[in-house]
Every structure is written in C-alpha cells, then in structure tokens.
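Written below as structure tokens is the structure these notes are about.
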Amino acid sequence: MAKPKRRYVCQACGSVTHRWQGQCADCAEWNTLVEEAAETVFSAKHDLSGGGRRIEFVPLDAKVPLPVRRKTGLAEFDRALGGGLVPGSAVLMGGDPGIGKSTLLLQTAAQIARSGGSVVYISGEEAAGQVRLRAERLGMADAPIKLASATSVRDILTTLGDMDAADLLVIDSIQTMHSDQIEGAPGTVSQVRGCALELIRFAKSSGTALVLVGHVTKDGNIAGPRVLEHMVDVVMSFEGERSHQFRVLRALKNRFGAVDEIGVFAMEGHGLAEVSNPSSLFLSGRDEPLAGSAVFPALEGTRPVLVEIQALIVRLQSGATPRRAVVGWDNGRLAMLLAVLEARCGLNFSTAEVYLNVAGGYRLTDPAADLAVAAALVSALADRPLPSRSVWFGEVSLAGEIRPVSHAGIRLKEAAKLGFAKASGPRDAVDKVNPEAGMDYQGLTGLLNLVDRIVANP
C-alpha cells in the first residue's frame, strides 16, 4: 500500500502544500503551516456514483409556502439583515474584540425569547455564569433562553436533536468549537470548516436560524478559511471605534437582501441602544461655522446619514516633507483630490501638511464625498468658513468636473429635515430639490466654481 503524502494547510488563508516551509507562499504569513491528515488511497479512489439515495427536484414555481422572516425585536438589526432572520439561514458575524457582538446577540436572543420564540445560546468562550452575569446587568435575566457552555459539536447536535427545533441558535464563537472526527486543535482551518459545515447542515434541515460569531484578524477580516464566508448565507460586520459611542452593523454578503443597508447602535450602560437618527451622532451641533469643516449627506443603502468632514492645513518651512494623514476616508482618494485641486484649480498643497478627519469615527466609502472633502480642504487653505447650515455632495473627476451621484433627492430631503438651508452639488440635481423645503441649491459643474464660491466671495 502506497504511503500517503503529507499535506500542510496554512491557518491564515487555507492554502495546501506538500512540504513544510516557514512562510506561506500565498499569503506570506510566517509559521502558519500545520500538518493535517492526508487522504488515504481508499478515499481518493472511492467511487461516489452509486450507493446514495435519490434527491427530489422542486420547480421554482412550486406551490409551497415560503419561509417567513422572524423579527428580532431590534429594528436596526432587522434593517441590516434585510427584514429579519430567515428560518434555516446561517449568519456569520465578525467584529473586533470587545466591540459588542455578544451583547448584541444576547439582546436579540432575549427579545425573540420574550416574544414566544425558542432560543438556544451556546457559549464556547465564557462560562454560563458569566453570560448570566451580563444578562443580569443588561436587565434580561428573566428572558427564557436555553443557555449552555459547550465546545463539542457532537454534544451540541446530540442535545439539539432530542429537543424541538429552536427558532434561533447562537454559537459564540465558531473558533472555539471542535469535532472529535477531525484532527487538530479548535480554531484550525479543518476544525472551523468541519464544525461550521455540521452546524449549517443542522440549521438547514431543522429550519433553525443559526448565528455564528467569528473572530477577526488584525486587518479586520474574519479569521479562518475564506470558504467559511461562502458556506453561510449572510456575513455581517460589527464596526466602530471602542473610544466612540456608536456601532455600525453592516452586511458584507446577504443572500436574502441588500448588502448596502446598515444598522446603527449606541453603546450605553444598559447595553446597545438603537439609533433611529444616526446623523445626530456625527454632527457636532455647533452654531458658528469653522474653517475646514463641511457637512456631507452620506447614503448607506436607503438611509441617509449626515456626517462632518474636517480638514486642517498647516504650512511648513521650505524643504520640509509635508505629511498627509487621513482618518475615516481613503488615503489614495485624498491624494487624487489634492492633485486635481493643484492641476485644475491652481491651489498649492505641496508645501503644507494636510490632515483630514471624518467626525465621530465614521468611515466613508461613498464617492459622493469628493465635493465635501474638496470644500473642507479649500476652506481650510483659505481660512474661510463655509456657509452656515450647508451640505456638499458630488463626485469629482480627474478633469475637475462634478459628476452626478445616486439618490440626490434622498440626500437633500434628509438635509432639509435636519434644518440645513443650503446645498451644493451636481448641476443635474437641481430638479431633485423639493420646493416646499425652502432649500437654496447651487449646481456646480467643476471645482473652479467651488473655489470661486469659497475664496472669491467672502
């Protein structure tokens, strides 16, 4: 019998090699290759074309009842999910340590349990007493949740098989689970993949909504093999700075809804509180305008959020190397915008340090933020405040043109609702202004119009 070949699996990216080496050739991480049991000759040559049971095919228009979403009791969580939890679905939630993943899921479990649903909460990282202590602090100790502390998938599935199917099953976290049929310590690629497969298979067959908590790497990506993200139906990211109050829940993948909706929470003493008006978190609330500050109506899915963009320009002595520092926006896009302002508008940023910050710890990915950033930079360079109670939005091209953006009407409606009387953006958005709102809208065709408005007019 031929000797089976050895195989080594990278614990960071899941790549396979047949010899050990200090550095993974695919992801360049060091000391991540771990030997795993190789396939035997029998398993490699075993024929699977017979011996199984026949499966039944169902047409797309079959007259069968479709699964009904279950509300979690938290409107912001439902918004990010696309309307609620789908029975039999698998949700993977990642986030930085201490960001509030367990708190959010415990609150969700308590809400569903109090509304009459059956909830099972399995903690692999904490003892049952520690989870109960947190529930008591959050005022949820009376919720009828079936709580247990376990890490063996065999024990968990055996116990759940003897019970009625639960409406929600929470596993905190998947990296702590292990299967006695797979070699390797908990958290390895094979264990995470195998345990998740068994739990997802149980959820699909029983109709239980499954939520898996996943660890993240230092880069913020969900740890473990990327195949785990392909196996689940929904991948969610719980984001936010621990030094700030707010938390943002966004879907990175959603088979049952859109991936551009977000839920906003605020961390308070009694747990996570829903924020129905997130703009109040990201605006300073000051009355007097300051140089280098612009308000941008961002759009997350169908929800507009007004955020404040702050810029600071510091002149340096000749010969010094200027610094560029960005918080909450893309570094490369700032460099491009500075180049456009210099090439198309004649402004000089080469001898100045540029600092850009999105207030409140919010992270912007919307390209419509270009005009607001440009307005903040020009205002800081000229040391002239922008008009009071004004918003700015529009995408800037390399030619210095202001390009149209999506959902201009929704952005303007939210700004008018919060008391903003002036707006500047693409010229084609003039017809999106509601005449009853009383907003003064100025359409811009290029950055030169912006510079003239800020610099030339005091």
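Kindly list the number of the only condition in (1) closer than 30 Å to F238 by Cα; (2) charged (D, E, K, R); (3) open to solvent by 60 Å² or more (accessible area, probe 1.4 Å) that fails for E414. Status for E414: all satisfied but (3).
Number of residues in the stretch 104-148 that are farther than 22 Å from G263 by Cβ and assigned to a strand (DSSP E or B): the value is 6.
Within the bounds of the stretch 315-329, is there any residue that is in contact (Cβ under 8 Å) with a residue 60 or more places away in the chain, surrounded by fewer than 19 Cβ atoms within 10 Å (Cβ to Cβ) and not in a strand (DSSP E or B)? No, because not a single residue in the stretch 315-329 is in contact (Cβ under 8 Å) with a residue 60 or more places away in the chain, surrounded by fewer than 19 Cβ atoms within 10 Å (Cβ to Cβ) and not in a strand (DSSP E or B). Please tell me if R389 is more than 29 Å from the chain's Cα centre (by Cα), at positive phi and either open to solvent by 10 Å² or more (accessible area, probe 1.4 Å) or modelled with pLDDT under 90 (or both). For R389, the condition - more than 29 Å from the chain's Cα centre (by Cα), at positive phi and either open to solvent by 10 Å² or more (accessible area, probe 1.4 Å) or modelled with pLDDT under 90 (or both) - is met. Scanning the stretch 238-281 for residues being touching a strand residue (DSSP E or B) at 6+ places or on another chain (Cβ under 7 Å) and part of a strand (DSSP E or B) gives a total of 20. The condition (being over 33 Å from the mean Cα position of the chain (by Cα) and in a helix (DSSP H, G or I)) is satisfied by just one residue among R411, R344: R344. Considering V170, V91, the condition of being of a type in the set (A, V, I, L, M, F, W, C) and either in contact with a helix residue (DSSP H, G or I) (Cβ under 6 Å, 6 or more places away or on another chain) or at pLDDT below 90 (or both) is satisfied by V170 alone. Considering the stretch 32-52, and only residues there that are part of a loop (DSSP other than H, G, I, E, B) and loosely packed, with under 12 Cβ neighbours inside 10 Å, the residue that is modelled with the lowest pLDDT turns out to be H46. Residues that are open to solvent by 10 Å² or more (accessible area, probe 1.4 Å) and either in contact with a Ser or Thr (Cβ under 7 Å, 6 or more places away or on another chain) or on the phi > 0 side of the Ramachandran plot (or both) within the stretch 101-112 comprise just one, Q111. For the residues V433, V396, V405, the requirement of being crowded, with 18+ Cβ neighbours inside 10 Å, more than 17 Å from A291 (Cα to Cα) and at pLDDT below 85 singles out V433. Those residues that are more than 30 Å from E342 (Cβ to Cβ) and either touching a residue at least 24 places away in the same chain (Cβ under 8 Å) or crowded, with 19+ Cβ neighbours inside 10 Å (or both), I need them from the stretch 436-458; list them, please. The answer is A437, M439. Does S379 qualify as being hydroxyl-bearing (S, T, Y), open to solvent by 20 Å² or more (accessible area, probe 1.4 Å), in contact with a Pro (Cβ under 7 Å, 6 or more places away or on another chain) and within 27 Å of E288 (Cα to Cα)? Criteria not met by S379.
Among the numbered conditions (1) under 26 Å from the mean Cα position of the chain (by Cα); (2) in contact (Cβ under 8 Å) with a residue 24 or more places away in the chain; (3) more than 15 Å from E125 (Cβ to Cβ); (4) surrounded by fewer than 24 Cβ atoms within 10 Å (Cβ to Cβ), the only one that G184 does not meet is (1).
Being touching a Cys at 6+ places or on another chain (Cβ under 8 Å), touching a residue at least 24 places away in the same chain (Cβ under 8 Å) and crowded, with 16+ Cβ neighbours inside 10 Å holds for only one residue in S190, S206, S179, S237, and it is S179.
The values are calculated or read from the model by the stated rules, or taken from the named source; none is laboratory data. Note that the structure is a prediction, hence the values are computed from the model and not measured. Ideal geometry is used to build each Cβ from the backbone, glycine not excepted, and the neighbour counts take in all protein chains shown. Ligands, DNA and RNA are excluded from the accessible area calculation, which covers all protein heavy atoms including side chains. Shrake-Rupley method; radii C 1.70, N 1.55, O 1.52, S 1.80 Å.
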